[in-house]
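Just below is one structure, and these are the notes that go with it.
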Amino acid sequence: MYKGIYIALSGSVLKQDQIDVVSNNIANANTVGFKKVRASFKEFLVSRISGAQDSDDGRAMSDLSGMKTDFGAGTHLKTGNPLDIALDGKGFLSIEGGRYTRKGNLRVARDGFLVTQEGLKVLGSKGPIQIAAGQADIAPSSEVRVNGKPVDTLKIVDFANQGELKELEGGYYTANLPSIKSNAIVSPGHLEGSNVDVVKEMVQMITTLREFETYQKAIQMFDEAAARVNNDMAKV
């Protein structure tokens, strides 16, 4: 009986984690360059908890296996801003501090450096890109230009296994593996929206909530059964 309630509890806890993940996806549906996340689960035998390796108890509890980011492309949104870019294909903009991002809403800081909206410097082939006074724009070739003259080229890279990228706050990623050349094409005057399908996420939310409620009812049933057993034993 007690094993049963723990099994139901493990499922309930993980469904709460899944609700948090789906909620975060929905909340960032309109965030530039956001990539949705999925929670994956695994199971392990109850007998392993007590160390009884040779037990034939086949009941299993649930555990969180990990979070997986879906790097699928989002819809390109036209803005007309000469410093807004979207990447068509696999790849990331290189940002100072070993960061990478798909967010292309760039700007020029007061000190003349090309930066993200958070003020992080964007890297080019020569390092942080600095722009002199004039009209700046970015060409489809990834060249950063001032008054039509190139000053540097955006450093756009990719990774052999994007699944190993570690997500940071604000739509940035870091990697402990070497980067490779990216074949992504720059789309000036556009931004990449999130790859979140709100309708699918809402369906997932409803399904997960129902599963969570089912686990809660199971826990309540185990608790009531345990109370009845205790009361009956007290009468003996």
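Mind listing whichever residues of region 113-130 are within 15 Å of residue 146 (Cβ to Cβ) and either open to solvent by less than 20 Å² (accessible area, probe 1.4 Å) or touching a helix residue (DSSP H, G or I) at 6+ places or on another chain (Cβ under 6 Å) (or both)? Answer for region 113-130, where residues must be within 15 Å of residue 146 (Cβ to Cβ) and either open to solvent by less than 20 Å² (accessible area, probe 1.4 Å) or touching a helix residue (DSSP H, G or I) at 6+ places or on another chain (Cβ under 6 Å) (or both): 114, 122, 124, 129. Residues in region 78-112 that are crowded, with 19+ Cβ neighbours inside 10 Å, out of contact with any Lys or Arg (no Cβ under 8 Å at 6 or more places or on another chain) and basic (Lys, Arg): 99, 103. Annotation: of all residues in region 122-160 being assigned to a strand (DSSP E or B) and out of contact with any strand residue (DSSP E or B) (no Cβ under 7 Å at 6 or more places or on another chain), the one that is modelled with the lowest pLDDT is 149. Note on region 98-109: residues that are without any contact (Cβ under 8 Å) to a residue 40 or more places away in the chain and within 15 Å of residue 167 (Cβ to Cβ) amount to 0. So in region 144-201, with the set limited to residues that are β-branched (Val, Ile, Thr) and either free of Cβ contacts under 8 Å to residues at least 40 places away in the same chain or within 15 Å of residue 83 (Cβ to Cβ) (or both), which one is surrounded by the fewest Cβ atoms within 10 Å (Cβ to Cβ)? Once the filter is applied, the top-ranked residue is 199.
Could you please give the count of residues in region 53-77 that are assigned to a strand (DSSP E or B) and either surrounded by 12 or more Cβ atoms within 10 Å (Cβ to Cβ) or modelled with pLDDT of 95 or more (or both)? Walk me through it before giving the result.
Residues of region 53-77 assigned to a strand (DSSP E or B): 60-69, 76-77.
Pick out the ones that are also either surrounded by 12 or more Cβ atoms within 10 Å (Cβ to Cβ) or modelled with pLDDT of 95 or more (or both) and you get 60-65, 67-69, 76-77.
Of the residues in region 53-77, 11 are assigned to a strand (DSSP E or B) and either surrounded by 12 or more Cβ atoms within 10 Å (Cβ to Cβ) or modelled with pLDDT of 95 or more (or both).
The values are calculated or read from the model by the stated rules, or taken from the named source; none is laboratory data. Please read all numbers here as calculations on a predicted model, not as lab measurements. As a convention, Cβ positions derive from the backbone with ideal geometry for all residues, glycine included, and neighbour counts pool all protein chains shown. To get the accessible areas, we keep the full protein, side chains included, count just its heavy atoms, and leave off ligands, DNA and RNA. Shrake-Rupley method; radii C 1.70, N 1.55, O 1.52, S 1.80 Å.
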